[in-house]
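Down below is the structure, laid out as structure tokens.
The values are calculated or read from the model by the stated rules, or taken from the named source; none is laboratory data. Keep in mind the model is a prediction, meaning the values are calculated, not measured. Quick reminder, even Gly has a Cβ in these numbers, built from the backbone with ideal geometry, and neighbours come from all protein chains shown. Ligands, DNA and RNA are stripped out before the accessible areas are found, and what is left, the full protein with its side chains, is counted by its heavy atoms. Shrake-Rupley method; radii C 1.70, N 1.55, O 1.52, S 1.80 Å.
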Amino acid sequence: MKKLIFLLIFISGYCYAQQPVFNFEANKAYKIQIQGISNAAEADNIARSAEKMQMSIFSFVDHLTGYGFFIVDNFYKVHEIEKLINNKGKYLCEGSEEIVLSEDKFLEIYMMRGGFKYPEFSINIPKEIVMGPYKELTYSLFSKAISIWKKAYSKTYNQSVGFPEHYPIFINTGNSEDNIKTDQEKQSWMINYPDEYEQLARKSTEGAKVLENQKEIEK
């Protein structure tokens, strides 16, 4: 019994040690051309297989172009991904190249994995992509995507939904401080952009009056 308990502790400790870690500054990105992909399900299966086998930290494979994008923690993982692709029999790895893991490229990979096409990036907040049992990995990837997206597209998004240009967008990342952070951003916004604050307050007042009039009519 003691040996069994020790073995379980050892295995759980080993699995914990193998938890994938996303480090934007240290990780590398590779673009791999894959031949033989017929549909989106096959492309997604390749990406997820590389993640499950901990060859890739985060992946996206485009079934339309045959290009796969893989974020890894070292160069040797790329060779393992190539073997994985070739060993499936149906697919052929035609070559790979390292690409710069810029903020724009990371957001592009994340958004496409979430099902968005490039023209849709500016008016769609990134979805949280659940990375299996790895909650910390899920959170770190999602937080990075949100951070980049806010810098790039918050103005366009606010215009599309009728908010002032600099109005803070609340996004629930699962962090207990999300509400506090957004409240602080709103306080700064009211101070730094008083004209936008008055504009939004005026809209809110007008909207409330419309609702009251509608209720009176319905009576």
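Key figures for this structure:
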item	result
The range 96-170 - percent of accessible surface contributed by carbon and sulfur, probe 1.4 Å	53
Net length gained if the chain between Lys117 and Arg48 were fully extended (0.36 nm per residue, minus Cα distance)	22.9 nm
Residue-averaged [θ]222 nm for the chain, counting only DSSP H segments that reach four residues, each worth -39500 (n - 2.57)	-18000 deg cm²/dmol
Length-normalised contact order of the chain in % [C-alpha pairs under 8 Å, at least 6 apart]	15
Computed E for Glu97/Ala41 - FRET, C-beta separation, R0 25 angstrom, nearest 0.05	0.45
Approximate spin-label separation Glu185-Asn86, in nm, with each point projected 7 Å along Cα-to-Cβ	4.6
Mean Cβ count within 10 Å, highest first, over the residues of peptides 143-149, 173-179	143-149, 173-179
Interchain or long-range residues, amide H under 5 Å from Tyr67's placed H	Ile34, Asp62
Accessible solvent surface per residue of the chain, calculated while the other protein chains remain in place, 1.4 angstrom probe, Å²	63
Additional length obtainable on full extension of the chain from Tyr67 to Asn192, 0.36 nm per residue less Cα span	40.6 nm
